[in-house]
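Participant: The structure under discussion is supplied below as structure tokens; questions concerning it will follow.
The values are calculated or read from the model by the stated rules, or taken from the named source; none is laboratory data. The shown structure was predicted, so the numbers you read here are calculated from the model rather than taken from an experiment. Heads up, the Cβs are rebuilt from the backbone with ideal geometry, glycines too, and the neighbour counts pull from every protein chain shown.
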Amino acid sequence: MLFRNPMLPSCPHLPAARPGLDWRTLHAHRAAPRGAAFYFACLEYAQALWSRGLAARAILCLDRALGARLRGDEPVLAAWPLPYAAVDWILRQAPTEAWAGNPRIHFQHYAGRMHAPRREQRRWRAWACWALARAARPGLPGDPRHRVQEPTRLQISRRLARHGLPGEEALWRRVLAPGGGPKRGKTTAPPSRLRRSAPRSAAARSAG
């Protein structure tokens, strides 16, 4: 389903998207190390997808941003911290008709089936987003057929502290807290799958 709204606000936790971005934005990084440049491209493309009403695909793009290979001292993280606030904002702002799937189940499946590289880091980031989905949309059910031990917030916090970047666990906790989430303009310490909102073309599959 394609949800379009000419009054749709830009996500304040993502960079402005240049006009005309498409699947080639990420495809250009297919043979390059998926570091800071890839991370920023994911954030920018997520904004573009959100602006088109493609909330589910924007979340998938943020999944990929959270999978970038970063050390924690990259300048881009000072300007655009790991996108927990963006995930939370999109989950809360997107109307029900913008979702073709269940974001909670998406993150549950993504975390439960995570593989290399950096499996533990990426797995616990997925669980962190799962906790955000539960808080933002408490009415969404889990998938009882997917046998996985759902972690507590304390377990997620401890694993992010162990496997994440410096400051990442604190960043996530601030977003998760009632009324939390960093406000744009302030520097924050750096720290699958949803069904697509529209059928994917062969070109779009190349971006995945």
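Participant: Go through the range 1-41 and count every residue that is within 26 Å of T96 (Cβ to Cβ), crowded, with 17+ Cβ neighbours inside 10 Å and at pLDDT 95 or above.
Facilitator: 3
Participant: List every residue pair whose Cβ atoms lie under 6 Å apart, where the two residues are 6 or more positions apart in sequence or sit on different chains, the first residue falls within the range 117-128 and is assigned to a helix (DSSP H, G or I), and the second residue, located anywhere, is not hydrophobic (A, V, I, L, M, F, W, C).
Facilitator: These pairs meet every condition: E120/H163; Q121/H163; R122/G67; W124/R159; W124/H163; A126/Y110; W127/P151.
Participant: A follow-up question, please. Only residues that are closer than 21 Å to P144 by Cα and buried (at least 20 other Cβ atoms within 10 Å of the Cβ): list them for the range 83-104, please. Give the steps one after another, and end with the answer.
Facilitator: To start, the set of residues in the range 83-104 that are closer than 21 Å to P144 by Cα comprises 99-104.
The answer is W99, P103, R104.
Participant: Could you pull out the residue among R57, R119 that is within 16 Å of L160 (Cβ to Cβ) and either in contact with a Lys or Arg (Cβ under 7 Å, 6 or more places away or on another chain) or among the charged types (D, E, K, R) (or both)? Spell out the reasoning first.
Facilitator: On the way: R57 fails: within 16 Å of L160 (Cβ to Cβ).
Criteria check complete, one pass: R119.
Table: residues versus (1) of a type outside the set (A, V, I, L, M, F, W, C); (2) at pLDDT 95 or above.
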position	(1), (2)
G112	yes, no
H115	yes, no
E120	yes, yes
W124	no, yes
W127	no, yes
W130	no, yes
V148	no, no
R162	yes, yes
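Participant: Return the total of residues in the range 7-56 being in a helix (DSSP H, G or I) and among the aliphatic types (A, V, I, L, M).
Facilitator: 10
Participant: Does R145 qualify as being assigned to a helix (DSSP H, G or I) and charged (D, E, K, R)?
Facilitator: So R145 fails the test.
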